[in-house]
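Below is one structure, written out as structure tokens; the observations come after it.
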Amino acid sequence: MMIESILFYVGAIIVAPFFSAVILKVKAFFGGKKGPPLLINYYTLIKLLKKGSVYSTSTTTIFKLGPIVSLCAVLTVLMFLPIAGVKPVFSFKGDIIFVLYLLGLGRFFTIAAAMDTASPFEGMGAAREANFPIICEASFMMILVLFYKMTGNFNLSSWFSDTQPMTLWQSAGSPLIFVVISLFIILLTENARVPVDDPATHLELTMIHEVMVLDHSGPDFAMIEFGAFMKLFFYATLIARLICPFNTGHLAVDVSVFAGAILMVYVAAGITESVMARYRMDRVSKFVMTSFALAFFATILTLEFIG
Amino acid sequence: MNLFYMSFLILFSGGILALVGQRNFALMKMLSVVSLATGCLSGLIASAQALWQEKVFQFSFTYLNHFELSYKIDSLSAFFLVVIFLISMIAVIYSYHYMDHSENALATSVHYFFFSLLIISMALVVTADNIITFMLSWEIMSLSSFFLVIFDYGKAENRKAGYLYFIFSHIGAMFIFAAFGVVYGYTSQFGFNGMAGLPDTVKMIVFVLAFIGFGSKAGVFPFHVWLPHAHPAAPSHISAVMSGVMIKTGIYGILRVYSLLDYHVSVLGMIVLVAGVISGILGVVYALGQHDLKRLLAYSSVENVGIILIGIGIGMIGVATGNPLMAILGFSGGLLHVLNHSIFKSLLFMGAGMVLHKTGTRAIDRLGGLLKRMRITGATFLIGSLAISGLPPFNGFVGEFFIYLGAFNGTLFGNTAFVAGVLAVVSLAVIGGLALACFTKVMGVVFQGEPRSRAAADKDETGNTMLFAMMILASFCIIIGVLPGIFIQMTLKGLSSVSMGYGRIPLEPFIQMTENITLAAVVFLMVLLVLLAMRTLAYRGKPVGRKGTWGCGFTQPTPKMQYTGSSYSASIVEFFRPVAPFQEHHPPVEGRFPEKTIYHSRIDDIAERHMTTIIVRPVMWMFDRLRWIQHGDIHLYIGYIFLAIVVLLFFV
């Protein structure tokens, strides 16, 4: 079992960049363009790894630690994630809290690396990066309360592996749709997608995440990009398991069902990105609050069923 | 037990030595630092032993033929003693190089005297076993810390902070007196033991009164107003002891009264929890809005006391709703956060002290780029910031993790526990996010980037004992974060003397949880090592250059263009505007070649603002009316005394 978990872990790391390219393809489709090849992210990573770096004279060691710690956080997080219903490498009671706080650690270092450059643009991005996820964390916690109340268990494995998502649907019912939407909003916010942030432009004043990494280059930048692909994969997996909770027991079938589901999540993100504009910065908080409200109502509604 | 006597003796003699030897500054400092540190060390060893063996020590003697002074060290006292002696010892070590103004010899020696009194009185507070002893120690503690706050009494601002502290600590003490007065009225004895036998409504009143009194010492919103004034005024190691340890005696008081009353209803837990939630969120919002480094840290203490109270509240509700797991998790998480906060908050205050010592300013927006020259200060401050933001694998995470587990556990049982659990979970998440924003601001603006003023440019760190103290504390942050097992055991042992109606608390399930944290932290560190190695490989033989920061095409950047602390926090504070009124002041920019302009922003503390209008003004008005009583005529004053005695005779 352990071998299988590790294989899936490694597999997830390998395929994560591929899925992110799907979003680009969808956006290109909406723009009437051909778009970059689906393997574009691998090419970018290899290109970056071949290069050297230029460091700002303002920076310190923290600037170099930033990409490493945030990548390390995401790599560790994936070890607790059940991929395609397979049990994760590690699991313990309350691991999800560790996971969320580990993502917080990654954020701390991304922000610290941005502040290290003394650039006003990066400071601006850092301030926004510190601001919006606050509410995301609260709504994620609200979702966890719901899951915990449904199952009485408190780890990712017991909610997302095997047929567990089906059990969640059976006990929670339709309010779980709210949870899916809420998680999708969290996905968009945490991964710097439209309508919270725009990953396509490098125009500093409109940006959050992209502007924070302006000064990184070469292998350091490759690590940041790689980390971002996997973070998106983490959230997408959670949603994919919820929208496609089936599990047949045949590994091949399960994996392809899961791949289809996760593809749907990425396509949905791509469509959102194509048909929406970015919100004005002061509207973003309200958008993120929506996810908290949805999660909250879902929990209140399910209280009825459990009694 | 002998070790305890010895430690008090050494501590007190250290204080006396400081007073006697002020002629020779270097010798006086050396002697008092050594004896205070030795005293703390022996106290630490003694209390750690007492905690580990769970032995109860008792001791009493009669004072003035009337009052019995009695002391008792049970495991809860021992836990707080460990915290008190540990942090005080490190603060004393730090002070050796911090107090280096020999022209200030008199003030320095007096400071060491009161410092020794403060340590002794804190230790006496947590061991006092009857009302008289407790209040006596409590007053000594308040007074000695008052004299430490006005150490730099030349500045009007510091004197004002001192007076504010003096008033608040006495109003707080009055509430505690009132609580104990009610107890005495029913039991007619000074001992604590009769408290469990009070009628329920009386217990409720006693708890609420005591909570207000102890809460004002602990810095619970809205009784925290003195804290952000007094803590920055004191020398930095004293701020460290006050913020790290002294306010925890308030927490001790709440726990002790709760334990003595032995009264388990959800209402009390809810009061504590809600107070914790409000202090936690507002504390960190106000911290985020501060421009003064030490004031920011002081507000962050309000936040952390909030987290501790959330833990205790969850614990109390757990007991009241018959849910032992929730209770133990909440209490032990709260207690562990007492230890954790004392460690990282004193670390941060010491780092701030180093910055203040070298640059001469506490204004965050005048600093910057200090990390390049102050490597140890910067690195330890970074560790402290990570720990206080509750991030793994540092110690702040462990306490919060336990409180989270307790709160989540509560959501499974009944309405009260559910509401409490959800409230605690959501507010802990919000507090965590805000704390992260707050401390990335401090790190980013004070230590990173480029210096924003001459004061911050080219400043080195010196003072070996200061660096040593910070390194010790930083290593504690990591040790507790990676290996929390033994420290959770400490809290569980400490809890064993809090009456919750349980027998022995089983250790295994909780040890299991700490092992999980250890496992996860080790996995994280392993991955980090692998990545570091891979990064080194990836950069082998690659060209690595150094150039100015990319200015997006702008070629003449200056350090003034950096994001400041105020701009960093503006959008977050804006979100909380109803509770944190945000004011800015700047003249409009006019003309084609605008002249130099100013910008000023601040956020108001609503507790402070309303206290002035609701309480202070009416009280001032009332006393203004009563001014005729004070006429300066000595005969009439004697008449007052006579009259008072006669009137009293009728009642007694």
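Each value in this text was obtained by applying a stated rule to the coordinates, not by laboratory testing. If you're wondering where the values come from, they're calculated on a predicted model, not measured in any experiment. Using ideal geometry, Cβ is built from the backbone for each residue, glycine included, and neighbour counts are taken over all protein chains shown.
Data for the structure
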{"item": "From the C-alpha gyration tensor of segment A:1-139, square roots of 5λ in Å", "result": "27, 24, 17"}
{"item": "Span per principal axis, largest first, for the Cα atoms of segment B:36-89 (Å)", "result": "35, 26, 13"}
{"item": "Chain B: angle of helix B:324-359 to the longest principal axis, Cα-based, in degrees nearest 10", "result": "60"}
{"item": "Restraint check, B:K345/B:K493; A:K231/B:K459; A:K50/B:K560; B:K217/B:K560; A:K64/A:K231; B:K29/B:K155, Cα-Cα greater than 29 Å", "result": "A:K231/B:K459; A:K50/B:K560; B:K217/B:K560"}
{"item": "Hull-based mean projected area of segment B:86-192, where the convex hull spans the alpha carbons, in square nanometres", "result": "7.5"}
{"item": "Nearest-ten-degree value, helix A:2-30 long axis tilted from longest Cα axis of chain A", "result": "70"}
{"item": "Stretchable slack from B:D262 to B:Q58, in nm (0.36 nm times residue separation minus alpha-carbon distance)", "result": "71.3 nm"}
{"item": "Å³ per residue enclosed by the Cα convex hull of segment A:149-191", "result": "82"}
{"item": "Kirkwood estimate for segment B:506-566, i.e. one over the average of 1/r between Cα atoms, Å", "result": "16.8"}
{"item": "All lysines inside 20 Å of A:K93 as judged from Cα atoms, apart from same-chain residues fewer than 8 positions distant", "result": "A:K149"}
{"item": "Prolate/oblate/rounded label for segment A:222-307 (Cα gyration tensor, a/c 1.5)", "result": "oblate"}
{"item": "For segment A:2-306, alpha-carbon Rg over 2.2 N^0.38 Å", "result": "0.98"}
{"item": "Tensor-based shape of segment A:75-191 (alpha-carbon gyration tensor, a/c under 1.5 rounded, otherwise prolate or oblate)", "result": "prolate"}
{"item": "Angle between chain A longest axis and helix A:133-151 axis [Cα atoms, degrees, rounded to 10]", "result": "20"}
{"item": "Sequence-distant residues sharing a close amide H with A:V54 (under 5 Å, placed H)", "result": "A:S217, B:G545"}
{"item": "Reachable aspartates and glutamates from A:K25, criterion Cα separation under 14 angstrom, eight or more residues apart if same chain", "result": "A:E273"}
{"item": "For segment A:162-307: rounded, prolate or oblate by the Cα gyration tensor [a/c cutoff 1.5]", "result": "oblate"}
{"item": "For segment B:217-262: Kirkwood Rh in Å [reciprocal of mean 1/r, alpha carbons]", "result": "11.3"}
{"item": "Which of B:S243, B:M620, B:Y186, positive extreme of dipole for the protein assembly as shown (C-beta unit charges)", "result": "B:S243"}
{"item": "For the protein assembly as shown: span of alpha carbons on each principal axis (Å, largest first)", "result": "101, 69, 54"}
{"item": "Expected 222 nm ellipticity per residue - DSSP helices of 4 or more, -39500 (n - 2.57), all of chain B, to 500", "result": "-23000 deg cm²/dmol"}
{"item": "Cβ-based exposure ranking for A:L49, B:L209, B:L293, in which fewest neighbours within 10 Å come first", "result": "A:L49, B:L209, B:L293"}
{"item": "Separation of the B:W628 and A:I3 label points, Cα + 7 Å toward Cβ, nm", "result": "9.9"}
{"item": "Sparse-neighbourhood loop sites, chymotrypsin sites (Phe, Trp or Tyr not before Pro) in segment B:497-528 - DSSP loop, at most 15 other Cβ within 10 angstrom", "result": "B:Y502"}
{"item": "Two-site label geometry, B:C552 and A:M166: point separation in nm, points 7 Å out along Cα→Cβ", "result": "5.2"}
{"item": "Choice from A:G85, A:G31, A:G227 with maximal GNM fluctuation in chain A (Cα, 10 Å cutoff)", "result": "A:G31"}
{"item": "Furthest towards positive pole of dipole, B:Y563, A:I185, B:H231, structure part the protein assembly as shown, Cβ charges", "result": "B:Y563"}
{"item": "Cα-based radius of gyration of segment B:297-379 once divided by 2.2 N^0.38 Å, which approximates compact folds", "result": "1.53"}
{"item": "Computed over chain B, Cα set: Rg, Dmax in Å", "result": "25.6, 95"}
{"item": "Translational D in µm²/s for segment B:606-651 (Stokes-Einstein at 10 °C, 1.306 mPa s, Kirkwood Rh from C-alpha pairs)", "result": "120"}
